[in-house]
Each structure stands twice: as C-alpha cells, then as structure tokens.
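Worksheet for the structure shown next.
The values are calculated or read from the model by the stated rules, or taken from the named source; none is laboratory data. In this text the structure is predicted, and so the values were computed from the model without any measurement. Here the Cβ positions follow ideal geometry from the backbone for every residue, glycine too, while neighbour counts run over all protein chains shown. SASA here: full protein model, heavy atoms, side chains in, ligands and nucleic acids out. Shrake-Rupley method; radii C 1.70, N 1.55, O 1.52, S 1.80 Å.
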Amino acid sequence: MLQPGAERLEPTACFDLMLAGFDRALKRTGPPIAHCYRFGACTVRLLFAAGPLVDALTPALAHLGIDDDDLADLTVHLWDTRSTGEPLSPFVGLLTEGIASDPYQWLTARHEIIGISNARVPATLDQWSGAFSVLDRETAKAVYWVHDATAVPYFERGAPLRTLLSWWLSDVGYQSVHAAGVGDGDGGVLLAGKGGSGKSSTALRCVDAGMRYLGDDYCMFSVGLPARAFSMYNTAKLNGLVDLQRHPRFVPMVENPDAPEQEKLLIFLERHLPHQMVLSFPIKAIVVPRVTDGHASTITDISPGAALAALAPTTLLQRPGSANGALRAMSELARSLPCYELRLGGDAADAPELIAGVLDAHTP
C-alpha cells in the first residue's frame with residue numbers, strides 16, 4: 001500500500017490514468033451510453049461505460065435532460081468495476097486503499113487528495129460513497145468511478161456528481177448551494193438551513209400546496225445580479241416513517257420504502273409531479289426555517305448576515321475546494337435580497353401561505 005508522503009504522480013497523470021481506465025472499460029462493454037443535461041446555460045454530457053451506473057445516477061437529473069450534444073461544455077466519463085470488470089489502475093487502486101485506511105493522512109480539510117489535487121485538476125475520494133471524482137479544468141473533462149454501481153448509497157443517488165458539478169459550476173459563473181427552492185411562475189425563495197431545520201419538510205409542504213419545486217438540499221444560482229436560481233436535482237427527501245406520516249400524499253412516490261432507519265427516503269418528483277418542477281426562477285428572498293414549539297408559524301425579517309450564517313456553513317462543509325469564491329458569492333446574494341426567518345409551529349401546515357406572502361410582497 002502507498003504511504004502518505006510517498007512519491008506521487010502529477011495530478012494530470014492521475015487524471016490520465018483514470019480516463020484510461022474508462023477507455024479500457026469501454027473495450028469490455030462496447031460504446032458508451034450518453035446522457036446530456038442542461039445546467040443553467042451550460043450543458044453536461046455523461047458517458048457511461050455500463051447500464052447499472054445509469055440507473056443509479058440519472059433519475060435525479062431526469063428533468064434536466066436534453067438531446068445528446070457531443071460539444072457539451074463538460075464531459076464526464078463514468079464507470080464502475082463490478083459492471084464492467086475493469087479495475088482501477090494499480091497506482092490509483094493503491095491510493096484508494098491508503099485513503100480508506102487512513103483518510104486524515106491523505107485528505108485535506110477540504111476533502112481533496114493530498115499530492116493528487118491542484119488548481120487545474122481537483123480530485124477527491126468520498127469516504128462514505130467510495131466515489132473517486134477528478135476534473136481537468138483545462139480540457140473540461142472529468143472522470144467518476146465507484147467500485148459497484150448497485151451499491152451507490154441513497155445520498156449519492158439523490159444528488160449525483162455533486163462534487164464534480166460544484167467544481168465546474170464555479171468556473172462557468174454559477175454557485176452550488178445547500179438550499180431548497182420553491183416558488184411560483186414569477187419567482188421563488190431559497191430555503192436555507194442545516195439538517196433538521198425543517199427545510200425539506202417545508203419544501204414538500206409547498207409542493208403539496210401547489211407551488212413549484214426547484215429542488216431540495218442542493219440547487220445553484222448565477223453569480224452576480226439579478227439573483228436567479230437553477231435546479232440541479234428533482235429529488236425530495238424525508239426523514240423516515242415519522243416524517244412520511246406528515247406527508248401522506250407522497251407515500252406511493254417513495255423510491256426506497258424499505259430503507260434502513262438511518263437512511264432518508266427518496267422521491268424523484270419528475271416521475272410523479274413533472275408539472276410542478278421548475279428549472280429556474282428569479283430569487284425573491286432567502287427564508288431560513290426553524291422548528292419551534294409554537295402553535296402557529298410566523299415569519300420575521302432577519303439580517304443578511306443571519307441568512308448567510310444559515311446558508312454558508314453547510315454549503316462549504318459539503319463542497320471540496322477553495323471556499324473563498326463560494327463565500328463571496330453567497331455573501332453577495334444574501335446582501336442583495338430580503339431575508340426572513342420562518343419559525344415553524346405545530347405541523348407547519350401554514351408555512352406555504354407565509355412563503356406565498358413573501359413572494360407576493362416582492363413581486364411587482
């Protein structure tokens with residue numbers, strides 16, 4: 001096994017090894033399976049070496065699908081060892097073993113691989129999903145690998161390629177953000193907050209009330225003004241059976257009803273409520289939900305700093321790479337918008353009405 005501090009390949013050489021592994025996988029499986037998606041004004045082409053990874057990663061992206069475009073702005077090459085029979089190159093395989101055995105010695109505080117990542121070629125190995133992601137910014141190509149496509153965990157299925165997309169989006173004028181988005185035809189709000197704040201439940205309440213859905217947990221916005229948000233995933237998440245009982249309409253939509261207790265329940269809304277999906281809207285406000293023990297929900301003004309405190313920490317913790325640009329973009333966004341705290345009381349059934357009131361107040 002490689003040891004931390006041992007001689008490493010240059011980052012571009014590691015990328016080349018990963019891309020060569022994808023090419024060898026194609027020799028075993030045949031032509032790649034191409035899927036193309038629109039993120040904001042840009043296109044991303046995914047080339048899969050086998051079908052199981054398509055099944056695992058594309059449902060959350062289905063609402064963004066467009067006709068295949070071999071001139072896409074970013075091309076991602078995806079493969080897994082179990083379906084294709086093609087292992088990682090020996091060097092990269094030893095590297096992943098080293099990270100798995102002692103991640104603190106191999107990964108930076110921003111989760112990038114020491115000695116393999118640089119400004120041009122960021123690379124990371126996710127400790128929980130086992131996904132190896134590497135991007136070459138100069139060639140606009142990326143490689144994504146997991147050992148077994150059938151074992152991709154629920155959180156990766158719900159927000160696939162999040163790390164790769166976050167890196168690339170920051171290069172083309174967008175910022176991914178840990179927030180939900182709901183609204184109407186004229187605009188919407190970003191719901192910001194850490195896990196357990198009521199963000200996901202509030203978003204589903206709004207869907208149940210007939211509002212449009214941009215996303216839950218992750219979406220993106222264009223850097224600069226005017227503020228505009230864009231969808232990344234059509235996924236909705238619920239915290240187990242107790243949460244599901246609060247939203248009985250969504251029971252038949254759950255993809256993983258037999259999930260272990262520690263896993264969230266996934267819903268791909270494009271399959272069930274495509275007319276309520278929205279790909280983009282002007283951002284009218286940032287709303288920070290907070291669960292309280294009050295009887296009724298209330299909404300009050302908060303400062304841009306308070307909104308940024310809800311928006312930034314979880315975004316930065318879940319985003320490998322430099323934090324400076326992301327923090328500046330989120331700070332500018334918060335300063336440009338009205339910001340509110342939504343204090344959720346009771347069963348929060350009145351939350352959609354309060355959010356609709358915010359939209360009405362800021363729509364000419």
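Quick one: which of Val177, Val182, Val207 is surrounded by 19 or more Cβ atoms within 10 Å (Cβ to Cβ), farther than 20 Å from Glu353 by Cβ and touching a residue at least 40 places away in the same chain (Cβ under 8 Å)?
Every option except Val177 fails the conditions.
Could you tell me how many of the residues in region 202-242 are touching a helix residue (DSSP H, G or I) at 6+ places or on another chain (Cβ under 7 Å) and not in a loop (DSSP other than H, G, I, E, B)?
16
Here are the criteria: (1) at pLDDT below 95; (2) within 28 Å of Met277 (Cα to Cα). Tell me which single one Asp73 does not satisfy.
So Asp73 meets the others, but not (1).
Going by what's in this entry, would Ser331 be described as of a type in the set (S, T, N, Q), touching a helix residue (DSSP H, G or I) at 6+ places or on another chain (Cβ under 7 Å) and closer than 16 Å to Thr202 by Cβ?
No; evaluated as a whole, the condition is false for this residue.
Every residue in region 142-161 that is of a type in the set (Val, Ile, Thr) and either surrounded by 23 or more Cβ atoms within 10 Å (Cβ to Cβ) or over 16 Å from Leu125 (Cβ atoms) (or both), please.
Matches in region 142-161: Val143, Val146, Thr150.
When you go through Leu269, Leu279, Leu273 one by one, which is the residue that is of a type in the set (A, V, I, L, M, F, W, C) and under 20 Å from Gly198 (Cβ atoms)?
So the residue among Leu269, Leu279, Leu273 that is of a type in the set (A, V, I, L, M, F, W, C) and under 20 Å from Gly198 (Cβ atoms) is Leu269.
Quick test of your reading of the structure: Pro252 fulfils all but one of (1) open to solvent by 60 Å² or more (accessible area, probe 1.4 Å); (2) closer than 21 Å to Tyr213 by Cα; (3) touching a helix residue (DSSP H, G or I) at 6+ places or on another chain (Cβ under 6 Å); (4) of a type outside the set (S, T, N, Q). Name the failing condition by number.
Evaluating Pro252 over (1) open to solvent by 60 Å² or more (accessible area, probe 1.4 Å); (2) closer than 21 Å to Tyr213 by Cα; (3) touching a helix residue (DSSP H, G or I) at 6+ places or on another chain (Cβ under 6 Å); (4) of a type outside the set (S, T, N, Q) leaves (3) as the failure.
Can you tell me which of Asp102, Asp55, Asp67 is in contact (Cβ under 8 Å) with a residue 40 or more places away in the chain, surrounded by fewer than 16 Cβ atoms within 10 Å (Cβ to Cβ) and under 23 Å from Phe268 (Cβ atoms)?
It is Asp55.
Could you list, in sequence order, all residues of region 73-95 that are open to solvent by less than 20 Å² (accessible area, probe 1.4 Å) and without any contact (Cβ under 8 Å) to a residue 60 or more places away in the chain?
Across region 73-95, the qualifying residues are Thr84, Gly93.
Within region 277-325, can you find the residues that are open to solvent by less than 40 Å² (accessible area, probe 1.4 Å), modelled with pLDDT under 95 and among the charged types (D, E, K, R)?
Arg319
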